[in-house]
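Take a look at the structure below.
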Amino acid sequence: MDGAGTTSAVADVTGQATWVRAAARNNAEWCAAVCRAHGVNGEFGDDAWTSSRRTPPLYPDAVTLTDRLAPPTSTEPESGRSGTVRPGSLSPLTGLLSRIDTVSPGCSVKDSFACLDLTPAGFEVLFEAQWIHRPAPAPTARAPASAHTPTYQITWDALTAPDDLPAWTSAWGAGPGDCGPFRPELLADDATTFLRARSADGRVVAGAVATVSASVVGLSNVFTAPEADTYGYAPRNTWAACLATVAARWPRLPVVGYESGADLEAAVANGCRTVGPLRVWWRRA
(Lines give C-alpha, C1' and ligand atoms only; values in the text may rest on other atoms or scores of the structure.)
Protein backbone atom coordinates (compact mmCIF):
# COMPACT_ATOMS: atom_id res chain seq x y z
CA MET A 1 0.00 0.00 0.00
CA ASP A 2 1.37 3.41 -0.95
CA GLY A 3 1.56 6.39 1.39
CA ALA A 4 -1.74 7.85 0.22
CA GLY A 5 -3.46 4.51 0.66
CA THR A 6 -2.03 4.07 4.13
CA THR A 7 -3.13 7.55 5.16
CA SER A 8 -6.62 6.88 3.82
CA ALA A 9 -6.85 3.56 5.67
CA VAL A 10 -5.72 5.12 8.94
CA ALA A 11 -8.21 7.95 8.51
CA ASP A 12 -11.00 5.43 7.87
CA VAL A 13 -10.15 3.42 10.99
CA THR A 14 -9.98 6.62 13.04
CA GLY A 15 -13.32 7.72 11.65
CA GLN A 16 -14.92 4.39 12.47
CA ALA A 17 -13.63 4.56 16.05
CA THR A 18 -15.13 8.03 16.38
CA TRP A 19 -18.54 6.74 15.29
CA VAL A 20 -18.33 3.76 17.64
CA ARG A 21 -17.71 6.11 20.56
CA ALA A 22 -20.58 8.36 19.49
CA ALA A 23 -22.90 5.39 19.04
CA ALA A 24 -21.94 3.88 22.40
CA ARG A 25 -22.57 7.17 24.20
CA ASN A 26 -25.91 7.64 22.44
CA ASN A 27 -26.96 4.10 23.29
CA ALA A 28 -25.96 4.60 26.91
CA GLU A 29 -28.13 7.72 27.01
CA TRP A 30 -31.08 5.67 25.72
CA CYS A 31 -30.44 2.95 28.33
CA ALA A 32 -30.27 5.64 31.01
CA ALA A 33 -33.62 7.06 29.85
CA VAL A 34 -35.30 3.64 30.03
CA CYS A 35 -33.91 3.12 33.52
CA ARG A 36 -35.08 6.54 34.72
CA ALA A 37 -38.57 5.70 33.51
CA HIS A 38 -38.41 2.66 35.82
CA GLY A 39 -37.11 4.69 38.75
CA VAL A 40 -33.53 3.44 38.37
CA ASN A 41 -30.86 6.13 38.21
CA GLY A 42 -27.52 5.20 36.71
CA GLU A 43 -24.33 7.23 36.53
CA PHE A 44 -22.09 8.32 33.68
CA GLY A 45 -18.34 8.06 34.16
CA ASP A 46 -15.47 8.56 31.77
CA ASP A 47 -15.28 4.82 31.19
CA ALA A 48 -18.91 3.70 31.28
CA TRP A 49 -22.50 4.30 32.19
CA THR A 50 -23.40 2.04 35.13
CA SER A 51 -26.33 1.25 37.39
CA SER A 52 -25.81 -0.10 40.89
CA ARG A 53 -29.42 -1.40 40.86
CA ARG A 54 -30.64 -4.11 38.53
CA THR A 55 -31.87 -2.57 35.31
CA PRO A 56 -35.14 -3.44 33.50
CA PRO A 57 -35.20 -6.68 31.48
CA LEU A 58 -33.28 -6.51 28.18
CA TYR A 59 -31.24 -3.51 29.38
CA PRO A 60 -27.61 -3.67 30.54
CA ASP A 61 -26.24 -2.76 33.94
CA ALA A 62 -23.25 -1.13 32.25
CA VAL A 63 -22.43 0.30 28.83
CA THR A 64 -18.73 0.86 28.23
CA LEU A 65 -17.70 4.17 26.65
CA THR A 66 -14.00 3.46 26.05
CA ASP A 67 -11.83 0.59 24.87
CA ARG A 68 -9.32 1.40 27.60
CA LEU A 69 -10.92 -0.93 30.14
CA ALA A 70 -9.18 -3.96 28.69
CA PRO A 71 -5.75 -4.79 30.18
CA PRO A 72 -2.89 -3.82 27.85
CA THR A 73 -1.47 -6.60 25.72
CA SER A 74 2.18 -7.53 25.89
CA THR A 75 2.83 -5.62 22.64
CA GLU A 76 1.28 -2.38 23.88
CA PRO A 77 3.25 0.23 25.81
CA GLU A 78 1.94 0.68 29.33
CA SER A 79 2.52 4.41 29.39
CA GLY A 80 -0.63 6.31 28.61
CA ARG A 81 -2.85 3.24 28.92
CA SER A 82 -5.70 3.73 31.36
CA GLY A 83 -5.92 -0.07 31.49
CA THR A 84 -2.59 -0.12 33.31
CA VAL A 85 -2.94 -0.90 37.02
CA ARG A 86 -0.99 1.05 39.60
CA PRO A 87 0.21 -0.93 42.62
CA GLY A 88 -2.48 -1.04 45.30
CA SER A 89 -5.29 0.15 43.00
CA LEU A 90 -8.17 -1.63 41.30
CA SER A 91 -7.87 -2.37 37.61
CA PRO A 92 -10.27 -0.30 35.48
CA LEU A 93 -12.32 -3.42 34.70
CA THR A 94 -12.51 -4.46 38.34
CA GLY A 95 -13.54 -0.92 39.20
CA LEU A 96 -16.31 -1.06 36.61
CA LEU A 97 -17.66 -4.35 37.93
CA SER A 98 -17.61 -2.99 41.48
CA ARG A 99 -20.16 -0.35 40.44
CA ILE A 100 -22.82 -2.83 39.29
CA ASP A 101 -24.73 -5.65 40.97
CA THR A 102 -22.85 -8.82 40.03
CA VAL A 103 -24.33 -10.80 42.93
CA SER A 104 -27.98 -11.21 41.97
CA PRO A 105 -28.76 -13.15 38.77
CA GLY A 106 -29.03 -11.43 35.41
CA CYS A 107 -26.23 -8.87 35.46
CA SER A 108 -25.21 -7.75 31.96
CA VAL A 109 -22.52 -5.55 30.44
CA LYS A 110 -22.60 -4.01 26.98
CA ASP A 111 -18.99 -4.21 25.83
CA SER A 112 -19.20 -1.45 23.24
CA PHE A 113 -15.78 -2.20 21.75
CA ALA A 114 -15.88 -6.02 21.97
CA CYS A 115 -12.54 -5.89 23.76
CA LEU A 116 -13.26 -7.34 27.21
CA ASP A 117 -12.99 -10.86 28.58
CA LEU A 118 -15.51 -11.18 31.39
CA THR A 119 -15.36 -14.97 31.52
CA PRO A 120 -13.17 -14.97 34.67
CA ALA A 121 -15.86 -12.89 36.40
CA GLY A 122 -18.53 -15.49 35.62
CA PHE A 123 -20.03 -13.88 32.52
CA GLU A 124 -20.81 -15.48 29.17
CA VAL A 125 -21.43 -13.88 25.79
CA LEU A 126 -25.15 -13.31 25.28
CA PHE A 127 -24.93 -11.93 21.74
CA GLU A 128 -22.74 -9.98 19.34
CA ALA A 129 -23.69 -7.26 16.88
CA GLN A 130 -22.27 -4.49 14.72
CA TRP A 131 -22.40 -0.76 15.27
CA ILE A 132 -23.72 1.07 12.22
CA HIS A 133 -23.41 4.62 10.92
CA ARG A 134 -25.04 6.56 8.12
CA PRO A 135 -23.97 10.14 7.31
CA ALA A 136 -26.52 12.90 7.35
CA PRO A 137 -27.92 13.19 3.81
CA ALA A 138 -26.97 16.12 1.62
CA PRO A 139 -29.65 18.84 1.65
CA THR A 140 -30.75 17.96 -1.89
CA ALA A 141 -30.48 14.19 -1.51
CA ARG A 142 -33.54 12.01 -1.93
CA ALA A 143 -34.14 8.81 0.00
CA PRO A 144 -33.16 5.74 -2.05
CA ALA A 145 -36.05 3.75 -3.43
CA SER A 146 -36.51 0.34 -1.86
CA ALA A 147 -36.11 -2.69 -4.09
CA HIS A 148 -39.21 -4.16 -2.39
CA THR A 149 -42.28 -2.00 -3.01
CA PRO A 150 -45.05 -2.35 -0.39
CA THR A 151 -48.39 -3.60 -1.64
CA TYR A 152 -50.31 -1.14 0.54
CA GLN A 153 -49.84 2.46 1.60
CA ILE A 154 -47.83 2.73 4.83
CA THR A 155 -47.34 6.04 6.66
CA TRP A 156 -44.79 6.93 9.33
CA ASP A 157 -45.26 9.31 12.24
CA ALA A 158 -44.33 9.68 15.92
CA LEU A 159 -46.21 8.63 19.01
CA THR A 160 -47.58 11.64 20.85
CA ALA A 161 -49.74 10.23 23.65
CA PRO A 162 -49.50 7.38 26.18
CA ASP A 163 -52.57 5.80 24.61
CA ASP A 164 -50.50 5.23 21.46
CA LEU A 165 -47.94 3.10 23.28
CA PRO A 166 -49.79 -0.24 23.74
CA ALA A 167 -50.30 -0.75 19.99
CA TRP A 168 -46.62 0.05 19.38
CA THR A 169 -45.34 -2.31 22.07
CA SER A 170 -47.70 -5.07 20.93
CA ALA A 171 -46.35 -4.80 17.38
CA TRP A 172 -42.81 -4.70 18.83
CA GLY A 173 -43.48 -8.05 20.50
CA ALA A 174 -44.69 -7.38 24.04
CA GLY A 175 -47.46 -9.55 25.43
CA PRO A 176 -51.08 -8.39 25.86
CA GLY A 177 -51.29 -5.66 28.47
CA ASP A 178 -47.50 -5.57 28.78
CA CYS A 179 -45.50 -2.57 27.56
CA GLY A 180 -42.23 -4.40 28.10
CA PRO A 181 -39.47 -2.00 29.14
CA PHE A 182 -41.20 0.97 27.47
CA ARG A 183 -42.91 3.04 30.14
CA PRO A 184 -45.21 5.95 29.16
CA GLU A 185 -42.78 8.30 30.94
CA LEU A 186 -40.42 7.87 27.98
CA LEU A 187 -42.83 9.83 25.79
CA ALA A 188 -42.07 12.90 27.92
CA ASP A 189 -38.31 12.53 27.46
CA ASP A 190 -37.11 15.30 25.13
CA ALA A 191 -34.39 13.13 23.60
CA THR A 192 -36.68 10.17 22.85
CA THR A 193 -39.07 9.74 19.93
CA PHE A 194 -41.07 6.60 19.23
CA LEU A 195 -41.60 6.21 15.49
CA ARG A 196 -44.29 4.01 14.00
CA ALA A 197 -45.44 2.82 10.59
CA ARG A 198 -49.18 2.35 10.17
CA SER A 199 -51.26 0.77 7.47
CA ALA A 200 -54.33 2.46 6.04
CA ASP A 201 -56.49 0.56 8.55
CA GLY A 202 -54.41 1.91 11.45
CA ARG A 203 -52.35 -1.15 12.35
CA VAL A 204 -48.79 -0.61 13.54
CA VAL A 205 -46.65 -2.70 11.20
CA ALA A 206 -43.17 -1.37 12.01
CA GLY A 207 -41.42 1.05 14.31
CA ALA A 208 -38.27 2.26 16.00
CA VAL A 209 -36.99 4.46 18.81
CA ALA A 210 -34.92 7.53 17.95
CA THR A 211 -32.60 8.96 20.61
CA VAL A 212 -31.25 12.41 19.81
CA SER A 213 -27.94 13.48 21.32
CA ALA A 214 -25.61 16.37 20.57
CA SER A 215 -24.10 14.99 17.37
CA VAL A 216 -26.11 11.93 16.28
CA VAL A 217 -29.52 10.29 16.16
CA GLY A 218 -29.48 6.76 17.52
CA LEU A 219 -31.92 4.18 16.18
CA SER A 220 -32.83 1.26 18.41
CA ASN A 221 -35.63 -1.29 18.65
CA VAL A 222 -36.18 -1.14 14.90
CA PHE A 223 -38.80 -3.78 14.15
CA THR A 224 -41.01 -5.09 11.40
CA ALA A 225 -44.08 -6.80 12.85
CA PRO A 226 -45.09 -10.26 11.56
CA GLU A 227 -48.35 -8.73 10.31
CA ALA A 228 -46.35 -6.43 8.03
CA ASP A 229 -46.01 -9.24 5.53
CA THR A 230 -49.76 -8.97 4.89
CA TYR A 231 -49.12 -5.47 3.58
CA GLY A 232 -46.07 -6.41 1.53
CA TYR A 233 -43.81 -4.69 4.07
CA ALA A 234 -40.35 -6.16 4.69
CA PRO A 235 -37.37 -5.11 6.88
CA ARG A 236 -35.79 -3.27 3.94
CA ASN A 237 -38.96 -1.18 3.62
CA THR A 238 -38.84 -0.46 7.34
CA TRP A 239 -35.24 0.73 7.19
CA ALA A 240 -35.73 2.80 4.04
CA ALA A 241 -38.76 4.60 5.44
CA CYS A 242 -37.38 4.91 8.96
CA LEU A 243 -34.15 6.50 7.74
CA ALA A 244 -36.13 8.86 5.50
CA THR A 245 -38.32 9.84 8.47
CA VAL A 246 -35.26 10.49 10.65
CA ALA A 247 -33.62 12.55 7.89
CA ALA A 248 -36.75 14.69 7.58
CA ARG A 249 -37.00 15.28 11.34
CA TRP A 250 -33.29 15.76 12.07
CA PRO A 251 -31.78 16.65 8.68
CA ARG A 252 -28.30 17.58 9.91
CA LEU A 253 -27.61 14.61 12.15
CA PRO A 254 -26.00 11.31 11.13
CA VAL A 255 -27.59 8.05 12.24
CA VAL A 256 -25.99 5.45 14.50
CA GLY A 257 -27.16 2.24 16.13
CA TYR A 258 -26.36 -1.44 16.26
CA GLU A 259 -27.90 -4.43 14.52
CA SER A 260 -27.36 -8.06 13.59
CA GLY A 261 -28.94 -10.58 11.25
CA ALA A 262 -31.66 -9.52 8.83
CA ASP A 263 -31.94 -6.01 10.25
CA LEU A 264 -28.21 -5.45 9.79
CA GLU A 265 -28.54 -6.56 6.17
CA ALA A 266 -31.52 -4.23 5.69
CA ALA A 267 -29.68 -1.30 7.28
CA VAL A 268 -26.61 -1.81 5.09
CA ALA A 269 -28.82 -2.12 2.01
CA ASN A 270 -30.20 1.33 2.84
CA GLY A 271 -26.89 3.16 3.13
CA CYS A 272 -25.61 2.31 6.60
CA ARG A 273 -22.11 0.90 7.07
CA THR A 274 -20.69 -1.19 9.86
CA VAL A 275 -18.07 0.60 11.97
CA GLY A 276 -17.19 -1.89 14.69
CA PRO A 277 -18.34 -4.88 16.76
CA LEU A 278 -19.97 -4.94 20.16
CA ARG A 279 -20.63 -7.74 22.58
CA VAL A 280 -23.12 -8.17 25.41
CA TRP A 281 -22.03 -10.21 28.39
CA TRP A 282 -24.48 -11.84 30.80
CA ARG A 283 -24.04 -13.44 34.22
CA ARG A 284 -26.51 -16.12 35.27
CA ALA A 285 -25.84 -15.83 38.99
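The values are calculated or read from the model by the stated rules, or taken from the named source; none is laboratory data. Not measured: the values here are computed from a predicted model. Reconstructed Cβ throughout: ideal geometry from the backbone, glycine too, with neighbour counts over all protein chains shown.
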Residue that is nearest to residue 35 (Cα to Cα), among those in region 151-181 that are without any contact (Cβ under 8 Å) to a residue 24 or more places away in the chain and surrounded by 14 or more Cβ atoms within 10 Å (Cβ to Cβ): 179
How do the pairs read when you match residues in region 98-115 that are assigned by TED's automatic domain parsing to the domain that holds residue 62 with residues anywhere that are among the polar types (S, T, N, Q) and assigned to a helix (DSSP H, G or I), using Cβ under 8 Å and keeping only pairs 6 or more apart or on different chains? 110/27; 112/27
Checklist (1) farther than 22 Å from residue 193 by Cβ; (2) at pLDDT 95 or above; (3) surrounded by fewer than 18 Cβ atoms within 10 Å (Cβ to Cβ) applied to residue 285, failing item: (2)
Being buried (at least 21 other Cβ atoms within 10 Å of the Cβ) and aromatic (Phe, Trp, Tyr) is the filter here, so list the residues in region 101-138 that pass it. 113, 123, 131
Exactly one of 92, 60 is buried (at least 20 other Cβ atoms within 10 Å of the Cβ) and at pLDDT 95 or above, and that residue is 60
Are there any pairs, at least 6 apart or on different chains, whose C-beta atoms fall under 7 Å, with the first in region 233-248 and assigned by TED's automatic domain parsing to the domain that holds residue 209 and among the basic types (Lys, Arg) and the second surrounded by fewer than 24 Cβ atoms within 10 Å (Cβ to Cβ) and at pLDDT 95 or above, and if so, which? 236/266; 236/269; 236/270
Looking at the structure I just gave you, is residue 98 at pLDDT below 95 and more than 16 Å from the chain's Cα centre (by Cα)? no
So which pairs qualify, if the first residue must be in region 125-136 and within 9 Å of residue 280 (Cα to Cα), the second must be part of a strand (DSSP E or B) and β-branched (Val, Ile, Thr), the Cβ gap must be under 6 Å, and the two must be at least 6 apart or on different chains? 126/280; 127/280
Enumerate the pairs (first residue in region 188-202 and surrounded by fewer than 16 Cβ atoms within 10 Å (Cβ to Cβ); second residue anywhere and of a type outside the set (Asp, Glu) and modelled with pLDDT under 95) with beta-carbon separation below 8 Å, excluding pairs fewer than 6 apart on the same chain, so at least 6 apart or on different chains. 200/152; 200/153
Residue match in region 144-162 (condition: in a helix (DSSP H, G or I), of a type in the set (A, V, I, L, M, F, W, C) and at pLDDT 90 or above): no
Is it fair to say residue 266 is crowded, with 19+ Cβ neighbours inside 10 Å and either assigned by TED's automatic domain parsing to the domain that holds residue 30 or of a type outside the set (Ser, Thr, Tyr) (or both)? yes
Could you list all residues from region 216-271 that are over 20 Å from residue 168 (Cβ atoms), among the polar types (S, T, N, Q) and within 17 Å of the chain's Cα centre (by Cα)? 260
